[in-house]
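Just so it is clear, none of the values below were taken in a lab; they were calculated from the coordinates. Note that the structure is a prediction, hence the values are computed from the model and not measured. As a convention, Cβ positions derive from the backbone with ideal geometry for all residues, glycine included, and neighbour counts pool all protein chains shown.
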Amino acid sequence: MTQRKVRVRFAPSPTGPLHIGGVRTALYNYLFARQHNGDMILRIEDTDSQRFVPGAEQYIIDSLNWVGIRFDEGVSFGGQYGPYRQSERKEIYKKYVDQLLHDGLAYIAFDTPEELERKRGEIANFQYDASTRMQMRNSLVLPAEEVKQLMEEGHTYVVRIKIEPNEDIHVEDLIRGDVVINSSVLDDKVLYKSADGLPTYHLANIVDDHLMEVSHVIRGEEWLPSAPLHVLLYRYLGWADTMPQFAHLPLLLKPEGNGKLSKRDGDRLGFPVFPLEWQDPKSGDISSGYRESGYLPEAVVNFLALLGWNPRNDQEILSLEEMIRSFDLSHCSKSGAKFDYEKGKWFNHQYIQLKDNQALAELFVPVLKKHGVETGLSYVEKIVGLMKERVNFVEELWDQSSFFFVAPNRYDEKTVKKRWKPESASQLAELIEVLSGCEPFDVEQTEETMKSWIESKGYHLGNIMNAVRLALVGAPKGPHIFTITEALGKQETISRLRKAIDLLQ
Ligand code: GLU
């Protein structure tokens, strides 16, 4: 058998912002495509005009671009199999609707919403299927003449698939194995609506996967219940031989593990469930995004990659290249993956450590600006290098390191009470004299100068150090004192000591 070229697609519906689970689906498709030198397609499934949300398509594109998922074809990328927006493929689908009708594998139904409602009232657990379809108003029941007339008179109708009951339908899933569902539980789903001349999701999805020569359908578990219908559609349309292989990814679960992760969990527990910030065009409500919350895209990718898959060793930090090399659908878990947000923060911490100081400094500059600080990049780079170990997010660098950029103008009261001794002012005044002659003003020399001065005077080392820290930082925090003095430089160090003497004595 000749191997088929790997072609996968990410096929979101623009019904709102892309959920972080959708980003994971796109990522797994991407890893799979890259690993097999295949093609990655972005298809926009917008046949449900009722649920269309303006701005959602652009949001999807921007989100995937931010995390670094690249497409070979699709909406905004072009390609040989376009158009890639389903609303622009109307004519293409009509042909297959007609084919199914002609072959007797689908039928026309005129039931109005009210009629369907009434039936639901009459029959408990009503389902439009083999057991009920002969009681309804459709082309299986009505004389051909009447059907023709109703259509000519412009009555709206839908086309439904005709599913034969009592057949075991097999979905071969690369993650779940052979999934068997009996056709009797399926209903005669609507494939096409005359009202807008558009197919529904099911038909458009299958026709496009076929025409776009998709080899693997990798998507969320929520689509597994649709898969038997899709298998049938491939058969009905005569495409069973080239049906793509399915892989239904595990659900993302709430951090507690019970139930599907939702936007409300994010609100409740204070973490984003969307890649980028999103403003709802109707309500104006803003939902937070990973980007705006200070995540590095590499960290998000790494975090998501391991929600449902792992490389079968203990390695947690993986570059994109490593993921592409070791990704394996058959190693994806069947059961849901708990969304451990704390782990997400841990990943961000790790990626901040891995990032070089210059790149990190560039990310920190806008934060500094926001606080009114403008200073040379090389100084920022140095401070970032000293402090990054302490933070999970770039923003947090400000809390940790603001004293490197602005002198304290108030001093932590409790510390003053405890650490500023009656003799502190005169001792620091002496220290200023001592430090004035200290050259070079680096960690080693300053430490040596200060310690030998303390020793020769018989002062208390701890008391001096505490007072100096209070003068330089304003609070009992920060790295090693001599690391601070070196970064600040002689002039600034002395000026801060002077200021503390003035204000605290
Ligand atoms: N349009 C569907 C979605 O929004 C696509 C499901 C699939 O990949 O088949 O997720």
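The alpha-carbon of Lys119 sits under 25 angstrom from the alpha-carbons of these lysines, leaving out residues fewer than 8 places away in its chain: Lys148, Lys162, Lys189, Lys193. Once the Kirkwood radius over Cα pairs is known for segment 431-479, the Stokes-Einstein relation at 25 °C and 0.890 mPa s delivers a diffusion coefficient of 214 µm²/s. With viscosity 0.890 mPa s and temperature 25 °C, the Kirkwood radius over alpha carbon pairs of segment 202-242 converts through Stokes-Einstein to a diffusion coefficient of 234 µm²/s.
If both residues of a DSSP beta bridge must be in segment 1-136, then about 10% of such bridges are antiparallel.
Segment 147-192 and segment 431-478 have Cα centres separated by 81 Å. Under the shape rule built on the C-alpha gyration tensor, where the axes satisfy a ≥ b ≥ c, segment 69-207 is oblate, since a/c reaches at least 1.5 while a/b does not exceed b/c. Put a plus charge on the Cβ of each Lys and Arg, a minus charge on the Cβ of each Asp and Glu, and nothing anywhere else: the dipole of the chain about its Cα centre is then about 1120 debye. Counted by Cβ distance under 10 Å from Trp453, the other residues give a net charge of -2, where Lys and Arg count +1 and Asp and Glu count -1. Using the reciprocal of the averaged 1/r over all distinct C-alpha pairs, how large is the Kirkwood radius of segment 241-285 in Å? So the Kirkwood estimate lands at 13.4 Å. Working note: Karplus 6.51/-1.76/1.60 with θ = phi - 60° gives segment 103-111 the couplings 7, x, 9, 8, 8, 9, 10, 9, 3 Hz, where Gly and Pro are set to x. Computing Rg and the Kirkwood Rh from the Cα coordinates of the chain gives a ratio, Rg/Rh, of 1.18.
Plugging the Kirkwood radius over Cα pairs into Stokes-Einstein for segment 193-298, at a temperature of 10 °C and a viscosity of 1.306 mPa s, what D comes out in µm²/s? It diffuses with D of about 94 µm²/s by this estimate. Based on Cα contacts under 8 Å between residues 6+ apart, segment 264-362 shows a relative contact order of 23 percent.
For the pair segment 351-402 and segment 291-348, the centres of their Cα atoms are 25 angstrom apart. With helices as the sole contributors, the chain gives -13500 deg cm²/dmol at 222 nm; each DSSP H run of n ≥ 4 counts as -39500 (n - 2.57), and the sum is divided by every residue. Taking every C-alpha pair closer than 8 Å and separated by at least 6 residues, the mean separation divided by the residue count of the chain gives a relative contact order of 12 percent. Tell me which lysines have Cα within less than 20 Å of Lys254's Cα, excluding those fewer than 8 residues away on the same chain? Partners found: Lys263, Lys334, Lys338, Lys343, Lys345.
Summing charges over all other residues whose Cβ lies under 15 Å from the Cβ of Arg160, with Lys and Arg as +1 and Asp and Glu as -1, gives -2.
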